[in-house]
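J.: Starting off with a structure, shown below.
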Amino acid sequence: MVFPMALLKIAAHWLRSGSREAKKLKSYTQLLHRTSSFRSLQVLSLCPSVAKCSLEGRESPSIACDFQSTLLTTRSFFPFFMLLAFEGGGLLRALLLLLSYPIFLVLGHNHHVLSLRIMTFISFCGLRKKDVDLVARAVLPKFFLENLDARAYQVWASCKGKKVVVTGAPRVMVEWFLKDYLGANEVAGAEMKVVGAGAWCFFTGLIDGGLGVASKHKVIRDIFSEAKPDIGLVSFGNPHDHIFLSNCKQTYLVNKEKSDRATLPREKYPKPLIFHDGRLAFLPTPASVLALFLWLPFGLFLFFIRAAIGHLLPYKLAKVIVPLTGLRLRIDGLPLPTTHSNQKGVLYVCNHRTLLDPLFVGTAINRPLTAVTYSLSPISELLSPIKTARLSRDRKLDAAKITKLLNEGDLVVCPEGTTCREPYLLRFSALFAELSDNMVPVAIDTNVDMFYGTTASGFKFLDPVFFLMNPMPEYVLRFLGPVPAEMTCAAGRTAMEVANGIQKKLADALGFECTSLTRKDKYLMLAGNEGIVEQRKSRRS
């Protein structure tokens, strides 16, 4: 028994000694890291502010910078991974990423690379390359633009030479935005491993190599060779920026005066933000995403209550009760249209914000309408509380159908052919102007605080569900009065002139901008298709 006990004592002594040495080593490592970080911050604090950067006298200056915390005002990339997880992967993936957030807090800024790898794995693992590309093109640019640093962008846009961005985030997430919106020449980021090919190409969630401090430094040298970038932008959010930007001719600190840091206003965006997709209407920070998941049960309950009010109650009673559920309904200028022809029905011409537009127009005028649609899913048609009529895109057949429906009663049409979220109006189809001179333009606008009630690549029948799940959504309808007889085709104007005139009238009432973009343009950009829902063939055919 003596020998085993001696062995146990020796083992215990070794464990205690090893534990003490491990603690010493850990303390030394932390001290070394803190010392390194402190020195990094000292070096960065010596850099002049980006506000003092002058490009006068420079011929085509080049620029290099990081994306996170430099061009973007936000320090954490977590919200953008959450957008990818939610929009590309769904609720369960987003919930898993949210539940992992305490791990990132424990790891802290000292283990930023490890946190980035974990977020990347959760967000990317199992996603199709096609789905990630759609999120990168259709969802992320809106949130990147809304978090673009105004002063950093001003310097970036003023540089006419080579523009290079390096980032520790996956390149596939940021490259499209940086090249298409900001005009970057080179984008270096973490490369993702994939399996499969074509439509069956999936991300593994693993990073091939990475883009740490040393590799960032190497990227800058490889791209610029012996020449140095004229300008380098750095940030306190990236304390090692001085390592890979030390070879820039001049370096400027973006957030030296934090109180003066501001995002770029919409009117100064590098290109107009007209189309974007995704359900989330807010930047999903950890706190806001937690609030979202806590709200979901209440939101579903609200949806059923609001839908029941719209389906079961008379219009006059629904207008009184629905505001009690938090849905704000504003109706301005309700007209009493006069008839310019022998047609019985009035043609209400609206811009298109959500699938609920015709329902709210009917609620406003206190009588049922028939909604003309260019492409509506069978489920949406089945669940619609009002009559719908699908057009075939055959001009003669569609003209005959609209004329027949007008003779039967009031009709509502959205000539844009698709919804648009931003303050723009798409090109109006002119067919409606040929078929009636008894028209009433209706300017429609919506405001949401949590979910968008439209989608290009998701399930269309869920659009009303998401809109009615918002805590306090708002619908604004402005009836602009009957179109004067001299402004119709009956007075000798062409259908296109009438359509363009009504488009401009609606845009002026809403403060929107008219465009020549069409439904096809929207869906090709956001979903990679033309956005046409084909009717199901009959079983007999």
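The values are calculated or read from the model by the stated rules, or taken from the named source; none is laboratory data. Just so you know, these numbers come straight off a predicted model, no measurement behind them. Positions of Cβ are backbone-derived with ideal geometry, glycine not excepted, and every protein chain shown enters the neighbour counts. SASA here: full protein model, heavy atoms, side chains in, ligands and nucleic acids out. Shrake-Rupley method; radii C 1.70, N 1.55, O 1.52, S 1.80 Å.
J.: Karplus couplings for the stretch 365-373 from phi (6.51 cos²θ - 1.76 cosθ + 1.60, θ = phi - 60°), rounded to Hz, Gly and Pro as x?
T.: Values per residue, Gly and Pro as x: 8, 6, 7, x, 10, 9, 9, 8, 10 Hz.
J.: Oh, and also: Any chance you could look up the accessible area of residue 249 with a 1.4 Å probe, heavy atoms only, rounded to 10 Å²?
T.: Estimated to the nearest 10 Å², residue 249 gives 130 Å².
J.: Just list whichever of 179/218; 142/520; 129/162 have alpha carbons separated by over 24 Å in the model shown.
T.: Over 24 Å apart, Cα to Cα: 129/162.
J.: For the ranges 484-497, 134-147, 282-295, what's the packing order if you count other beta-carbon atoms within 10 Å of each residue, average per peptide, and put the highest first?
T.: Numbers: 484-497: 14.1, 134-147: 20.4, 282-295: 15.6.
With the highest mean Cβ count within 10 Å placed first, the list reads 134-147, 282-295, 484-497.
J.: A further question on this structure: For the stretch 126-172, just the Cα set please: Rg and Dmax, both in angstrom.
T.: Both quantities, over Cα of the stretch 126-172: 13.6, 40 Å.
J.: What distance in nm separates the two pseudo spin-label positions at residue 75 and residue 180, each 7 Å out from Cα along the beta-carbon direction?
T.: Label-label distance for residue 75 and residue 180, simple model: 3.1 nm.
J.: Report ³J(HN,Hα) in whole Hz for each residue of the stretch 93-109, in order, from the Karplus equation J = 6.51 cos²θ - 1.76 cosθ + 1.60 where θ = phi - 60°; Gly and Pro get x.
T.: Along the stretch 93-109, the couplings run 5, 5, 5, 4, 5, 5, 5, 7, 4, x, 4, 5, 5, 5, 5, x, 6 Hz.
J.: May I ask what percent, to the nearest 5, of DSSP beta bridges between residues of the stretch 286-527 are antiparallel? Walk me through the numbers on the way to the answer.
T.: Numbers: 6 of 27 bridges.
Within the stretch 286-527, antiparallel bridges account for around 20 percent of the total.
J.: Please compute the volume of the convex hull spanned by the alpha-carbon atoms of the stretch 43-255 and report it per residue in Å³.
T.: 116
J.: Ignoring ligands, DNA and RNA, what percent of the accessible area of the stretch 43-255 is carbon or sulfur (1.4 Å)?
T.: That fraction is 56 percent.
J.: Could you list, bin by bin from short to long, the percent of Cα-Cα pairs of the stretch 140-210 in 10 Å steps?
T.: 17, 43, 28, 11, 1
J.: Please state the equivalent ellipsoid semi-axes for the stretch 286-527: what are the square roots of 5 times the Cα gyration tensor eigenvalues, largest first, in whole Å?
T.: Numbers: eigenvalues 183, 78, 57 Å².
Ellipsoid semi-axes (Å, largest first): 30, 20, 17.
J.: Taking the Cβ of residue 458 as the center, what net charge do the other residues with Cβ under 10 Å away carry, scoring Lys and Arg +1 and Asp and Glu -1?
T.: Cβ neighbours under 10 Å give a net charge of -1.
J.: Kindly write out, for the stretch 508-524 in residue order, the coupling ³J(HN,Hα) from the Karplus curve 6.51 cos²θ - 1.76 cosθ + 1.60 (θ = phi - 60°), rounded to whole Hz, with x marking Gly and Pro.
T.: With coefficients 6.51, -1.76 and 1.60, one gets 5, 5, 8, x, 9, 10, 7, 10, 9, 6, 10, 4, 4, 4, 4, 6, 5 Hz.
J.: Check which residues have an amide H placed less than 5 Å from residue 277's amide H, if you skip close sequence neighbours.
T.: The answer is 139.
J.: If amide hydrogens are placed 1.01 Å from N in the peptide plane, which non-local residues have theirs closer than 5 Å to the one on residue 169?
T.: Here the answer is 190, since their amide H atoms fall under 5 Å of that of residue 169.
J.: Starting from the amide H of residue 251, placed 1.01 Å from N in the peptide plane, find each other amide H under 5 Å away whose residue is 5 or more places distant or on another chain.
T.: 232
J.: Let me ask you something else. Among DSSP beta bridges lying fully in the stretch 43-255, give the percent that are antiparallel, nearest 5.
T.: 25
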